[in-house]
Amino acid sequence: MTAQLTQPPQTTDQRIILQGTWEQFRLMQQASENSPGVRLAFYEETIEIFMPGREHEVFSHIIGYLLTTFLLAKRIQFEPTGSMTQEADRVASAQADQSYCVGGFKPIPDLSIEVVFTSGANKLPRYRALGVPEVWFWQDGVLELHHLRATGYERIDRSELPGLDRLDIDLLKRCILIAETDFAEAVQTLQQSFSRNQE
């Protein structure tokens with residue numbers, strides 16, 4: 001019988017940090033296979049057990065829907081990979097809130113997006129170990145973009161991924177905030193911007 005980690009209804013994020021080996025992390029992955037809502041991460045002998053709360057999940061899906069709307073409207077080839085596990089064997093493992101492969105599927109997505117209610121910057125070394133080209137953080141109404149260079153991640157104002165470099169980041173931020181109270185209006189605002197750009 002497979003053990004299950006249960007997740008009671010919750011409104012806030014729950015995070016547990018443990019010290020452990022890759023082998024222990026693998027055992028925990030197996031134990032949580034049938035536990036929806038439980039995410040695991042590993043880097044430098046640290047295991048993170050994360051259970052997102054309601055607000056976290058709401059923002060994650062808002063950002064994912066808006067970004068997908070943009071990609072479809074601009075006919076950019078992509079594959080949404082959600083919170084799929086990203087791994088470098090025995091080195092690092094992560095599950096972003098949203099992730100995307102641009103131009104077709106890749107083992108490691110081109111873009112990982114994290115909704116953050118505590119600290120986000122400490123996740124960058126983990127994503128660097130995985131080789132994720134671009135990581136975005138949504139925190140306190142601010143969207144921060146980071147692109148991977150030879151020396152590490154650099155903060156950028158606009159995406160450098162093919163196709164996404166055409167995305168107006170300020171508009172996306174505004175739409176995310178609108179969606180907090182009126183999701184339909186946020187989507188319409190984004191779609192209307194496409195029409196204006198074609199005029």
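Scanning the stretch 70-124 for residues that are more than 15 Å from the chain's Cα centre (by Cα) and aliphatic (A, V, I, L, M) yields a total of 7. Being in a loop (DSSP other than H, G, I, E, B), closer than 25 Å to residue 129 by Cβ and touching a residue at least 40 places away in the same chain (Cβ under 8 Å) is the filter here, so list the residues in the stretch 160-199 that pass it. Those that are in a loop (DSSP other than H, G, I, E, B), closer than 25 Å to residue 129 by Cβ and touching a residue at least 40 places away in the same chain (Cβ under 8 Å): 161, 162. Summed over the stretch 31-75, the residues that are in a loop (DSSP other than H, G, I, E, B), of a type outside the set (A, V, I, L, M) and at pLDDT below 95 give a count of 8. Filtering the stretch 130-152 to residues that are over 14 Å from the mean Cα position of the chain (by Cα), surrounded by fewer than 18 Cβ atoms within 10 Å (Cβ to Cβ) and aliphatic (A, V, I, L, M) leaves 142, 150. Among the residues of the stretch 88-135, the ones that are in contact with a helix residue (DSSP H, G or I) (Cβ under 8 Å, 6 or more places away or on another chain), touching a residue at least 40 places away in the same chain (Cβ under 8 Å) and not in a loop (DSSP other than H, G, I, E, B) come to 8 in all.
Looking at residue 165, is it in contact with a Lys or Arg (Cβ under 9 Å, 6 or more places away or on another chain) and among the charged types (D, E, K, R)? Yes.
The values are calculated or read from the model by the stated rules, or taken from the named source; none is laboratory data. Not measured: the values here are computed from a predicted model. With ideal geometry, Cβ positions are generated from the backbone for all residues, glycine too; neighbour counts draw on all protein chains shown.
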